[in-house]
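Report on one structure; see the data block that follows.
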Amino acid sequence: MADPSDLMRRAARVLRARDPLEMLGALTADGGLPAGRTRLWVGRGPALEPFPPAPPGDDPLDAAAREVVRTGGPRLVDTARGPALVLPLTVEDQRCGALAAGLEEGEDPYAGAVFEGLALLAESCALGLWNQARTGPLTAAMDAAAAGIFAWDFSADNVFWDERTCAVYGVDPKVFDGRGDTFFALLHPEDVPVLQAAIAQVTEAALTPPGAGVTGDPGRYRLQYRVVHPDGSVHHVTECGRVVLDDQGRPARALGVVYEAGADLPAAGRGPGAEADPSSRNSLLFTLTRALSKAVTVEDVTRVMTDVARPALGAENLLLGIMESGHLEIVGESRIAPALEHLRVPALDVMAFAATREEPLFIEDLTRHAEHGVPGLALVGELPSRSWVVLSLGSADHATGACLISFAGPRLFDAAERTFFTAVAVILTQTLERARLFDTQHQRATDLQQAMLPRRLPVLPSLNAQSRYLPGTRGMRIGGDWYDVLPLDDGTAALVIGDVQGHDAHASAVMGQLRVALRACAESGLAPGALLGKVNRVLCDLDTDRFATCAYLVLSPVDGVLRGARAGHPQPLRVRPETITEVELAGGPPLGVDPSARYPTTVSALGPLDTLLLFTDGLVERRDADIDVSVRRMMDGILDWSRGAGDIDLTALTDFLTLRDDPGRIDDVALLAVRRTP
């Protein structure tokens, strides 16, 4: 339980087990759970079958197993051989058995590491049993085709191979360590750069946003390469799979099947030290260059390096840092295994040291760090066998930053690899400089936009209001969206939401002019429709070559009377406990299009428990969906979120709608939520 890597390997062995007895062996082998005090129960129809069989007579563990399967909760049991914790085996909300594990006297079964470790093993048992029950025909088909399955977790660099996949690669499944670099070590030397380029192309294609010219499913792929078995024989392998993205739109893992494509071939004439076809490295460099050319922000650059470059290179970790005021600031990194966390500080020291060099630093074995004259490493103590490439980003007189790429085990970097990494450093430097300039300009434009918005909403009697503004997630997505709450002389409040065409400083300036015009007209007490008509003529006269959508409503906090008008803007929403509807306002064209346009005023009402939600289309707009469909989807999401919550908290609602990091959002967002208070 104390060693996370051992726990993960044991869980993988449990998942590969072919029957409950083999699963039990995986749980107890090599110093795992106590062999004589570990038991599995597997649901066989209404009964539970124990593995190994229960001893004759009353067995407290057997009774506890039936109880945890019935209730779904763990139970601590005192037995003649000491305490044991019994956990249910649950998958897809169905309980299929139980796991009992003996504990040491005085050991707290609910302590974090102990309970979490046992829960992980119980979940692995449940998934393994579920898989055995449902994939019998699939397993037979895979055996007939001599095909194996694999799963490669990019973030943790963990690889799962079943026994057939291990056989294809010539690896003993009992000793397979589940590491990505183990796979790269098995490749034929000539095919390493070929496969690196292919992995980069597949990952980059999976990241390509919809509508960018990619047809079909860009995440699917088919690769062919050679692997070298321990006996020196060379085998041709075909791999078919798919790159799966996580909820942030980033490559999370690759899933698929592998099978041997032909008979054994004699070992190739080129040995492990042979250099590969330079065109393969050029292809990988071209793919990385193309992916980096699409990177706009520093965050985009880090995603290319961690999501495309690291898996393609077969690297264990990658850190990217930029120099800020003479200090190195890490802006992107892949997850570091706990066992390597002590290398983080010396890694930062090495990156700072390399940032002022003109050439990459190649450390082929950390255990021989003294040969490289790198400061900091001597203070760490015993170092693991690792190799580092540290790219210097910038020049001797202008340090942009550094990128550290870590590989498991010692590694010799031949002339072709050194040339390749040097080229990557040049391209990465140029891209990072451009991205930093964009981020600076974007920040200035965002500051301008924020200065145009209200610094704070006014405090009004009998009215609660919350607002949010978010810049867009792609490109210079700032400028046009705004909101406002204006107290009027008669005790009512004017509520404004709007969106100026465009995403630049010009849009921000036009928005500022419109906001001033609206405030001036609101003070005259005009009805909403008449006010929008007047502001429309003002915008037409200004000849800004921009139009704007807007919704303007006047709410009486005392009786809830709501009067409003729309100029090409999405309908406001009325959110009630358990229901959500649109406030249907009669509308006219966007402001600035037709100086003679008229905007009728609609009268409605806002109940004491109603929340009025005003938003710009950036909150719901997606390239791959119709706006009406997207609004409906948001309404359904609000209902799911609020179901059973009773009274809706405005802060929680606005946070729910805007704090999600949605990579599909293409526009900036303004949001205003209002509710009457007693």
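Answer with yes or no whether A47 is free of Cβ contacts under 8 Å to residues at least 12 places away in the same chain and closer than 26 Å to R9 by Cβ.
no
Is one or more of the residues making up the stretch 372-380 farther than 27 Å from P4 by Cβ, at pLDDT below 80 and out of contact with any helix residue (DSSP H, G or I) (no Cβ under 8 Å at 6 or more places or on another chain)?
Yes, that holds for at least one residue.
With the checklist (1) open to solvent by less than 60 Å² (accessible area, probe 1.4 Å); (2) more than 38 Å from the chain's Cα centre (by Cα) in hand, flag the one item D78 doesn't pass.
Unmet for D78, out of (1) open to solvent by less than 60 Å² (accessible area, probe 1.4 Å); (2) more than 38 Å from the chain's Cα centre (by Cα): (1).
Could you tell me whether D640 is modelled with pLDDT under 75, out of contact with any Cys (no Cβ under 8 Å at 6 or more places or on another chain) and not aromatic (F, W, Y)?
So D640 fails the test.
Within the stretch 72-110, track down each residue that is under 16 Å from A122 (Cα atoms), touching a residue at least 12 places away in the same chain (Cβ under 8 Å) and among the hydroxyl-bearing types (S, T, Y).
Listed by number, the list holds a single entry, T90.
Among the numbered criteria (1) aliphatic (A, V, I, L, M); (2) part of a loop (DSSP other than H, G, I, E, B); (3) modelled with pLDDT under 85, which single criterion is violated by M8?
(2)
Quick check on my filter: what residues within the stretch 25-44 are more than 11 Å from L121 (Cβ to Cβ) and open to solvent by less than 30 Å² (accessible area, probe 1.4 Å)?
A29, W41, V42
Any idea which of L383, L412 is more than 19 Å from G332 (Cβ to Cβ), surrounded by fewer than 19 Cβ atoms within 10 Å (Cβ to Cβ), at pLDDT below 80 and not small (G, A, S)?
Exactly one of L383, L412 is more than 19 Å from G332 (Cβ to Cβ), surrounded by fewer than 19 Cβ atoms within 10 Å (Cβ to Cβ), at pLDDT below 80 and not small (G, A, S), namely L383.
Answer yes if at least one residue in the stretch 5-21 is more than 35 Å from the chain's Cα centre (by Cα), open to solvent by 20 Å² or more (accessible area, probe 1.4 Å) and closer than 27 Å to K174 by Cα, and no otherwise.
Scanning the stretch 5-21, I find at least one residue that is more than 35 Å from the chain's Cα centre (by Cα), open to solvent by 20 Å² or more (accessible area, probe 1.4 Å) and closer than 27 Å to K174 by Cα, so the answer is yes.
Find the residue count for the stretch 527-564, including only residues that are in a helix (DSSP H, G or I), open to solvent by less than 10 Å² (accessible area, probe 1.4 Å) and touching a residue at least 40 places away in the same chain (Cβ under 8 Å).
So the answer is 7.
For the stretch 50-65, give me each residue that is closer than 23 Å to V14 by Cβ, surrounded by fewer than 19 Cβ atoms within 10 Å (Cβ to Cβ) and among the aliphatic types (A, V, I, L, M).
Once the filter is applied, which keeps residues that are closer than 23 Å to V14 by Cβ, surrounded by fewer than 19 Cβ atoms within 10 Å (Cβ to Cβ) and among the aliphatic types (A, V, I, L, M), the stretch 50-65 yields only A54.
If I go through the stretch 139-173 residue by residue, how many of them are touching a residue at least 24 places away in the same chain (Cβ under 8 Å) and charged (D, E, K, R)?
Number of matching residues: 4.
Within the stretch 81-99, track down each residue that is open to solvent by less than 20 Å² (accessible area, probe 1.4 Å) and in contact with a Pro (Cβ under 6 Å, 6 or more places away or on another chain).
L85, L87, A98
Out of all the residues in the stretch 490-522, which are open to solvent by 50 Å² or more (accessible area, probe 1.4 Å), in a helix (DSSP H, G or I) and in contact with a strand residue (DSSP E or B) (Cβ under 8 Å, 6 or more places away or on another chain)?
Listed by number, the list holds a single entry, R519.
Exactly one condition in (1) touching an Asp or Glu at 6+ places or on another chain (Cβ under 6 Å); (2) in a helix (DSSP H, G or I) is not met by L121; state its number.
Only one criterion in (1) touching an Asp or Glu at 6+ places or on another chain (Cβ under 6 Å); (2) in a helix (DSSP H, G or I) is unmet by L121, namely (1).
Tally time: how many residues in the stretch 601-618 are in contact with a Gly (Cβ under 9 Å, 6 or more places away or on another chain) and closer than 17 Å to P570 by Cβ?
4
Within the stretch 158-172, identify whether any single residue is among the polar types (S, T, N, Q) and open to solvent by less than 60 Å² (accessible area, probe 1.4 Å), and answer yes or no.
yes
Give me the strands (runs of 3 or more DSSP E) completely within the stretch 565-651, filtered to those with at least 2 residues that are open to solvent by 10 Å² or more (accessible area, probe 1.4 Å), ordered by residue number.
Output list reads 573-576, 579-582, 602-605.
Being farther than 22 Å from M8 by Cβ and either open to solvent by less than 30 Å² (accessible area, probe 1.4 Å) or in contact with a Leu (Cβ under 6 Å, 6 or more places away or on another chain) (or both) narrows it down to one of V68, V114, so name that one.
V68
When you check A423 against the structure, is it of a type in the set (G, A, S), modelled with pLDDT of 80 or more, open to solvent by less than 50 Å² (accessible area, probe 1.4 Å) and closer than 30 Å to V535 by Cα, yes or no?
Answer is no for this residue.
Which one of the conditions (1) within 23 Å of D157 (Cβ to Cβ); (2) modelled with pLDDT of 80 or more; (3) open to solvent by 40 Å² or more (accessible area, probe 1.4 Å) does P272 fail to meet, given that it meets all the rest?
The one condition P272 does not meet is (2).
Say whether the condition of being under 30 Å from A507 (Cα atoms), free of Cβ contacts under 8 Å to residues at least 40 places away in the same chain and not in a helix (DSSP H, G or I) is met by at least one residue in the stretch 428-440.
Within the stretch 428-440, none of the residues are under 30 Å from A507 (Cα atoms), free of Cβ contacts under 8 Å to residues at least 40 places away in the same chain and not in a helix (DSSP H, G or I).
Please indicate, with yes or no, whether at least one residue in the stretch 287-296 is in contact with a strand residue (DSSP E or B) (Cβ under 8 Å, 6 or more places away or on another chain), under 16 Å from T429 (Cα atoms) and of a type outside the set (G, A, S).
No.
Tell me, which residue of the stretch 309-333 that is open to solvent by 40 Å² or more (accessible area, probe 1.4 Å) and of a type in the set (G, A, S) is nearest to T182 (Cα to Cα)?
My answer is G326.
The values are calculated or read from the model by the stated rules, or taken from the named source; none is laboratory data. This one's a predicted model, so the numbers in the text were calculated from it and none came from an experiment. Positions of Cβ are backbone-derived with ideal geometry, glycine not excepted, and every protein chain shown enters the neighbour counts. Protein only, heavy atoms only, side chains kept; ligands, DNA and RNA dropped before computing areas. Shrake-Rupley method; radii C 1.70, N 1.55, O 1.52, S 1.80 Å.
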